[in-house]
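To start, the structure itself, in C-alpha cells.
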Amino acid sequence: MGHKEDVPQHITAKALADRVRSASCGFELVLLLDYDGTLTPIVDRPDDAHLSAETRQVLCDLSARYPVAIISGRDRHDVQKRVGLGSLYYAGSHGFDIAGPADNSFSHIEGTEFLPEIRQTITSLEGNLAELPGVLVEGKTYSVAVHTRLAADTDIPAVEKVIAETLKKHPRLRTKKGKYVVEFIPDIDWNKGYAAMWLIERLQPANSTVFPVFLGDDQTDEDVFAALPDNGLGIMVAQKPRPSKASLRLGNTSDVVGFLKMIAAQQP
C-alpha cells in the first residue's frame, strides 16, 4: 500500500509471465485489467475500442482458472457488452458499479444519490460544448466524460472554461483527468483503487491468500497501483517510460495479450 512513484522497469511479456508464475506460487492468482489502452489500443473515439477475438478467447480461458476482473472508467454495461463474457467480474464507472458473473449475486454500487446530478451535468455539458468540433461528451450512469483527443488545440481553453464553470455549478462532483479526457464523478472517497481492494477481499478463498496482478495504462489506474498490497503486482502499459506507482511496464496492448496467453497456457 502507498507505493512510491518512480519510473517502472520495462519487462517483456515472457519475463513478466515467468515472474508472475514464480511470485504467485502458493497463492491464488487474481487478474485485474483495465480496458481502454490495456486490452484494446487507444482510439480517437471511445465507440471504436473493440476487443479482438483473440483477446476475448484468452480472457475466457483465464476465467476458467482464475478470477478475472475488468476495472474500467467505462459504464459497466458498456464494457460488459464489449467484452461479452459472463464469467468475468466487471467494475465500471471507475469502480462505482461492480457486478460478478451472471450466475451469482456479487455486486456493489456506490454513489446512487448522485445520479440526478450526473444526468444534469451530461445535459449541461452537451449543450455548452456542442459547437466545439471534435469535443465528445460521453454520458454514463455514474459519470460523464469530456474527450478532447479530436479537438483543436485552440479550442482547449474554451473546453477548460466550460469544465470549470460546470464544476462550480455542481460542487458535489469532482473531476478526474486522464489522457485527453476529463471526467465528472461523485465527490466521495471511492475510486478504482477502492474497487480493486473490494474485489480482492471478496475473491480471496477461505484459508488462502491471493496474489493480485493489475494492468492499466492511464492516470486513473494509479489509484489501483497505489492500493495494491505488497503481495501484488502493478504493471503499467505504456510505450514511453514515465513516473508511476506501478512496479513494471509492458510496452503495448500486444504485450498484454502475449502475457495473458502465457498465463492461460501455464500448467496448474
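Exceeding 32 Å between C-alpha atoms, which entries from my cross-link table qualify? They are Lys4/Lys169; Lys4/Lys179; Lys4/Lys177; Lys140/Lys161; Lys169/Lys240; Lys179/Lys261.
Lys4/Lys169; Lys169/Lys240
Considering the Cα positions of the range 112-186, please state its Rg to one decimal place and its Dmax as a whole number of Å.
That works out to 11.4, 37 Å for Rg and Dmax.
Please list the radius of gyration and Dmax for the range 27-103, considering alpha-carbon atoms only, with Å as the unit.
11.8, 39
Based on DSSP loop calls and a cut-off of at most 15 other Cβ atoms within 10 Å, the longest stretch of the chain free of exposed trypsin sites (Lys or Arg not before Pro) is what?
180-268
Using each residue's phi in the range 198-207, evaluate 6.51 cos²θ - 1.76 cosθ + 1.60 at θ = phi - 60° and report the 3J(HN,Hα) Karplus result to the nearest Hz, with x for Gly and Pro.
Couplings: 4, 5, 4, 4, 8, 8, 6, x, 4, 6 Hz.
Counting Lys and Arg as +1 and Asp and Glu as -1, each charge on the Cβ, what is the dipole of the chain about the Cα centre in debye, to the nearest 20?
Here the size comes out at about 440 debye.
What Rg and what Dmax come out for the chain when only alpha-carbon atoms are used, in angstroms?
18.4, 58
Over the range 22-169, what lengths in whole Å, largest first, do the semi-axes of the equivalent ellipsoid take, defined as the square roots of 5 times the eigenvalues of the alpha-carbon gyration tensor?
Semi-axes (√(5λ), whole Å): 33, 18, 13.
Based on alpha-carbon atoms only, what is the radius of gyration of the range 179-235 relative to the globular estimate 2.2 N^0.38 Å?
After normalising by residue count via 2.2 N^0.38 Å, the value is 1.26.
GNM on the chain, C-alpha springs below 10 Å: top fluctuator among Pro116, Pro186, Pro67?
Highest fluctuation among the options: Pro116.
In percent, how large is the relative contact order of the chain, given Cα pairs closer than 8 Å and 6 or more residues apart?
Taking the mean separation of contacting Cα pairs over the length of the chain, I get 28 percent.
Given N residues in the range 154-268, what is Rg(Cα) / (2.2 N^0.38 Å)?
So the range 154-268 has a normalised radius of gyration of 1.33.
Where does the longest stretch of the chain lie that holds no GluC sites (Glu not before Pro) found in a DSSP loop with 13 or fewer other Cβ atoms within 10 Å?
132-268
Computed from the coordinates by the stated procedures, all read-outs in this text should not be read as laboratory data. Since we're looking at a predicted model, the values are computed, not measured. Neighbour counts run over all protein chains shown; Cβ positions are idealised from the backbone, glycine included.
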